[in-house]
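**Q** I have a structure here, written as C-alpha cells, and I will follow up with some questions on it.
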Amino acid sequence: MIPSLAPSWTDHNLSDPGITLIELFASVTEQLIYRVNRVTTEHKKVFLKLLAPNQKNSEQLDDDLAKVICDLRIETRAITANDYERLAGAYSGVQHARCLPRTKLVKEGKSASLKSAIGHVTLVLVGDATMTTDVLDKMRKEIQGCTTLTISSDETLTAIPEDNRVTLHVLAARPLRVTVNVELVCFAEHRSDQGGKVGLVLIKALQDRFHCVVGEEGYRPRPPGQALYKSELYAVITRVTGVDYVEKLTLTDTGTNRSSRASTRKSDSIGVIPDPDEYIELVVCWSLSNG
C-alpha cells in the first residue's frame, strides 16, 4: 500500500522511522482487539450487578448471567392492549382475555355497566370455574403493579405515583346464548340418512369456528364482544361437504342473564352484537329441506 499511497517513500526497511511507527501502531491495535474480545470475571460481576442489583454472586457466574438475561426477556410491563391480554392470559384458569382501553366498570347497586372513561382500562376474561371473585381481585392488583401508563405524560417510567397510574378493572365475561336455526338443502347422495351425517359435521364446524376459547385451526379464538354475522355463518355452512345451499337461517338471542347489567347490544336481521363483556355460546339447530 505504501508505494501506491506514498510513491516518494522508497525506504521500506525496519530502520526507517515510518516503518517503525507503523509496526508500533499495528502491535498496539492487535493488543486492543485482543482485550476487547476478552471479558474478565470482574467485568462479568459488574454486568451482573447492573442487570440484577440484588443478585448474589456465586461460583457459577456464567450460569447466573445466563439466567438473568433470560429473565429480562420476560415482559412484565403493561402498556398496550396486547400487553394486558398477554399478562392476563398467563394466569391459570384464564382461557381468553380482551382488553378495553378507556373503559371503566361502573357499579350501580347490584348491577354494573361499562362506560367510556379516560385513565381506565378494563380486562374482560373468559375462564373456568377457578376464576372466582378473589382470584380476579388478586389478578387486578398484580397486573395493576405492571402498569406503566400514566394519565399525565409528564411522569417518567422510573417513578410513577400510584395515584397517577391508569386504573385497571377486571371482570369475568358473561355468556350470551345464541341459537342458530338452519334449513339445509343437501345433495341427493347425502340424503339417505335424512342428512344426519351432514348435520353432525355442520354442528361441529360452526361450534369450532366460533368458539371463544379454542377456535378452529387457522383462526384465533373469538373474543368477548365480537359480533356474529349471518354472512360468517353462511360462509362456514356452504363449505360443509354435502350441503347444496341454505334455504333459511335465523339467529335468536336466548340469553336470560342480561337483566343484571345495563345493555347497549344491538340485534338485527344481519347478526347479533353482544356487549363488550359478553361472549357468544352458539347452539346449532338444523333441519333438512327438500328445496
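Where a number appears in this text, it was derived from the coordinates with a stated rule and is not lab data. Please read these numbers as outputs of a predicted model, since none were measured by experiment. Glycine also receives a Cβ, built like all others from the backbone with ideal geometry; neighbour counts cover every protein chain displayed.
**Q** So for segment 1-112, averaging the separation of alpha carbon pairs under 8 Å that are six or more residues apart and normalising by length, what relative contact order in percent results? Kindly include the intermediate steps, with their values, before the conclusion.
**A** Numbers: 40 pairs, mean separation 11.4, N = 112.
Here the relative contact order equals 10 percent.
**Q** Let a ≥ b ≥ c be the square roots of the eigenvalues of the Cα gyration tensor of segment 167-249; is it rounded (a/c under 1.5), or, if not, prolate (a/b larger than b/c) or oblate?
**A** Cα axes put segment 167-249 in the prolate bin.
**Q** Continuing with this model, one more query. Within 10 Å, count the other beta carbons around each residue, average over each peptide in 45-52, 30-37, 140-147, 168-175, and list them highest first. Write down the numbers at each step before the final one.
**A** On the way: 45-52: 13.9, 30-37: 9.2, 140-147: 15.9, 168-175: 19.8.
The densest-packed peptide leads the list: 168-175, 140-147, 45-52, 30-37.
**Q** Using the Karplus curve 6.51 cos²θ - 1.76 cosθ + 1.60 with θ = phi - 60°, work out ³J(HN,Hα) for each residue of segment 17-24 in order, rounded to whole Hz, and write x for Gly and Pro.
**A** Here the 3J(HN,Hα) series is x, x, 5, 4, 5, 4, 4, 5 Hz.
**Q** In whole Hz and in residue order, list the ³J(HN,Hα) couplings for segment 201-212 that follow from phi through the Karplus curve 6.51 cos²θ - 1.76 cosθ + 1.60, θ = phi - 60°; x for Gly and Pro.
**A** 5, 4, 4, 5, 4, 5, 5, 5, 5, 10, 6, 7
**Q** Moving to a separate point now. Cross-link candidates for residue 56: which lysines have Cα within less than 26 Å, leaving aside residues fewer than 8 places away along the same chain?
**A** 44, 45, 67
**Q** While we're looking at this one, here's another question. Lysines within cross-link reach of residue 248: Cα-Cα under 22 Å, excluding same-chain residues under 8 positions apart?
**A** Cα-Cα hits under 22 Å: 197, 204, 230, 266.
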